[in-house]
Amino acid sequence: MDRLAAIDVPTLVLDGELDSSDISSNAQAIAQAVPDARRQRFASAAHMVNLESTALFNLAVKSFLVSTTDRS
């Protein structure tokens with residue numbers, strides 16, 4: 001986890017509210033350790049948010065990508 005602070009690219013951390021507490025705590029720790037990381041939690045989804053909440057997942061990723069390309 002110590003090396004996460006060295007990440008200097010836009011980072012999106014995704015997890016579901018129904019994930020195990022281990023996964024959720026790891027997602028939170030990663031989002032806090034990576035500078036300027038963004039965390040997105042999905043209601044009613046577990047570890048496979050891309051399959052369980054496809055439309056919301058796609059929207060979150062698209063929004064993140066657009067926000068990273070709008071940096072000037």
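The values are calculated or read from the model by the stated rules, or taken from the named source; none is laboratory data. Just so you know, these numbers come straight off a predicted model, no measurement behind them. All Cβ positions, even for glycine, are placed from backbone atoms using ideal geometry, and neighbour counts span all protein chains on display. Each accessible area value is taken on the protein alone, full model and side chains, heavy atoms only, with ligands, DNA and RNA left out. Shrake-Rupley method; radii C 1.70, N 1.55, O 1.52, S 1.80 Å.
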Apply the a/c threshold of 1.5 to the C-alpha gyration tensor of the chain and tell me whether it is rounded, prolate or oblate. oblate
Just the number, please: carbon plus sulfur as a percent of the accessible area of the chain, 1.4 Å probe, no ligands or DNA/RNA counted. 54
How much accessible area per residue does the chain have, counting only protein heavy atoms and a probe of 1.4 Å, in square angstrom? 70
Extending each Cα 7 Å along its Cβ direction at Ile7 and Ile23, get the distance between those two points in nm, one decimal. 1.7
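Take every Cα pair under 8 Å in the chain that's 6+ residues apart, average their separations, divide by the length, and report that relative contact order as a whole percent.
Over the chain, the number comes to 33 percent.
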Under the rule of -39500 (n - 2.57) per DSSP H run of 4 or more residues, summed and divided by the residues of the chain, what mean residue ellipticity at 222 nm is obtained, to the nearest 500 deg cm²/dmol? -14000 deg cm²/dmol
